[in-house]
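The structure under discussion appears below in the form of structure tokens.
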Amino acid sequence: LKGHKSLDKLDAFIVCTKRKIALLESENDFEAIIPLAQSILSELDRYELDPDSYAEDSYRIPSNTNRQRWADWYRAQALCYAANAFAQKKPSDPDSTKYYINRCRALEYGRSFSGRWLALPAAAALGDWDEVTAVTDMAVAHMPGDTSSRDYARVLLYRAQAAKAKGRTADAYKLMTKYSGLQADLQAEMMKSRAIDMVAHYKIRAHELELQKARNKARTNWTLMMSILIIFLISAAFSIWFRIQRLSIAQKNKTLVRMIDGIREPDDPEDEDEAESEPSDNGSNPDPELFSRIDEAIKSEKLYSNKFLQRQDIIDRFGINRHALNALLNCYADGHSFPAYINSIRMQEALRLLKTEPGMSISEVAAAVGFSPANLREQFKRSYGMTPAEYRQNA
């Protein structure tokens, strides 16, 4: 409120302060009520010193409201709050209680039933039992037939206190018995109401949890579906890539096979003609017929299938020396060494077997041409750029 003279803000301040006072009364914190009640009185004093300076907001308070009655109504309530607090705090302050209750009764609202009802705790604390009896009678008249409310329980309590103070012990006992029974019923009703509220709150909470669970499940399902979709797309892309690679490799292998199959074998008739015709120009060339006999023996008798075949075996068989054999190979086998010459025969035979003998395994083909499986694979890869299995697959 500092620096802002506004009737609406003043009214809002008083209403909020009254709510705090009601809460403190339920907790029996009467010491804390006194400064709050006095703050309401101070703000009302500030307003009444210069009412014309307060803006007519016309939001909370209608413009046709009697401002003096409005201020007196709030003032009387604040005085009652202060009087009750001084009466009920520990230790009580009877002088302050009388001061504030007398100020309250000097106002129109303080003399009304509502004001006297509000100040009832102070009247009881001061021992003004006639006032207590009169106000409780008025309260009963205002609530005909309503004997199960908290206000009626309050009437029974104050009447019992008044009866006891006036020496009417039997009446006081009866009234306290009724009061205790009504309080028990009210307490049970309150507990039932709280239980209903708790059940309702639990159902609402359970429903919220179910909704949250459903949302989480939907989110999880969506995430799972997206993960599956991503995995599927990646797998599909990899599968397409792998297939393209395989097709590319297969195409390459087919080309290599065609190239390999297009290479003329050494025993091609055209090669033989060339072999026979080449040395005819020079009488110093080695005997071509001798080379033909050696080549025919190696191929027809499958001497190449002996993986331990040596140069000396050929020299001994045909009665020639090392120099003569080397001259024959140099002239009629493209200058290959003896191991290279034998390996070329083995590779040509391996190609034939791989292409024409599908029932033979790679290991059997290797043994048939005088190679180990590893050596065949190495020689094949080096010579043709593919493995024996890839050649067979694409032949």
Cα-based helix-to-principal-axis angle, 322-332 vs the chain, degrees rounded to 10: 70
Net charge dipole size for the stretch 72-115 [Lys, Arg +1 and Asp, Glu -1 on Cβ; Debye, nearest 20]: 80
Longest exposed-site-free window of the chain, the sites being GluC sites (Glu not before Pro) in a DSSP loop that have at most 14 other C-beta atoms within 10 Å: 57-300
Inter-probe distance in nm under a simple model that places probes 7 Å from Cα toward Cβ, at Asn216 and Lys302: 7.5
Flagged links, alpha-carbon separation over 20 Å, of Lys299/Lys355; Lys302/Lys355; Lys307/Lys355: Lys307/Lys355
Probe 1.4 Å - accessible area at Ile196, Å² to nearest ten: 100
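Where in the chain lies the longest segment free of chymotrypsin sites (Phe, Trp or Tyr not before Pro) that are both loop residues by DSSP (not H, G, I, E, B) and have at most 14 other Cβ atoms within 10 Å?
60-307
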Helix 7-26 axis, angle to the chain major axis (alpha carbon atoms, nearest 10°): 90
All lysines inside 16 Å of Lys381 as judged from Cα atoms, apart from same-chain residues fewer than 8 positions distant: Lys252, Lys254
Area accessible to solvent at Met191, 1.4 Å probe radius, in Å²: 100
Whichever lysines have a C-alpha closer than 23 Å to that of Lys18, once near sequence neighbours (fewer than 8 apart) are set aside: Lys2, Lys5, Lys9, Lys89, Lys90, Lys98
Helix-only mean residue ellipticity at 222 nm for the chain, each DSSP H run of n ≥ 4 adding -39500 (n - 2.57), per residue, nearest 500: -25500 deg cm²/dmol
Reachable lysines from Lys164, criterion Cα separation under 16 angstrom, eight or more residues apart if same chain: Lys174, Lys178
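For Asp334, Asp11, Asp128, Asp197, give me the order by solvent-accessible area with a 1.4 Å probe, most accessible first, ignoring ligands, DNA and RNA.
Descending order: Asp334, Asp197, Asp128, Asp11.
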Solvent-accessible area of Thr387 with every protein chain in place, 1.4 Å probe, in Å² to the nearest 10: 10
Tilt relative to the chain, helix 129-142 - C-alpha long axis, 0 to 90 degrees, to 10: 60
Volume per residue of the C-alpha convex hull in the stretch 31-148, rounded to whole Å³: 144
Nitroxide proxy distance, nm - points 7 Å out along Cα→Cβ at Ala184 and Leu209: 3.6
Using distinct alpha-carbon pairs, which all enter the 1/r mean, Kirkwood radius of the chain in Å: 33.2
For the stretch 325-395 versus the stretch 105-181, the gap between their alpha-carbon centres in whole angstrom: 124
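The values are calculated or read from the model by the stated rules, or taken from the named source; none is laboratory data. Small disclaimer: the values here were computed from a predicted structure and weren't measured. Cβ atoms come from the backbone with ideal geometry, glycine included; neighbour counts cover every protein chain shown. Just the protein is used for accessible areas: all its heavy atoms, side chains included, with ligands, DNA and RNA removed. Shrake-Rupley method; radii C 1.70, N 1.55, O 1.52, S 1.80 Å.
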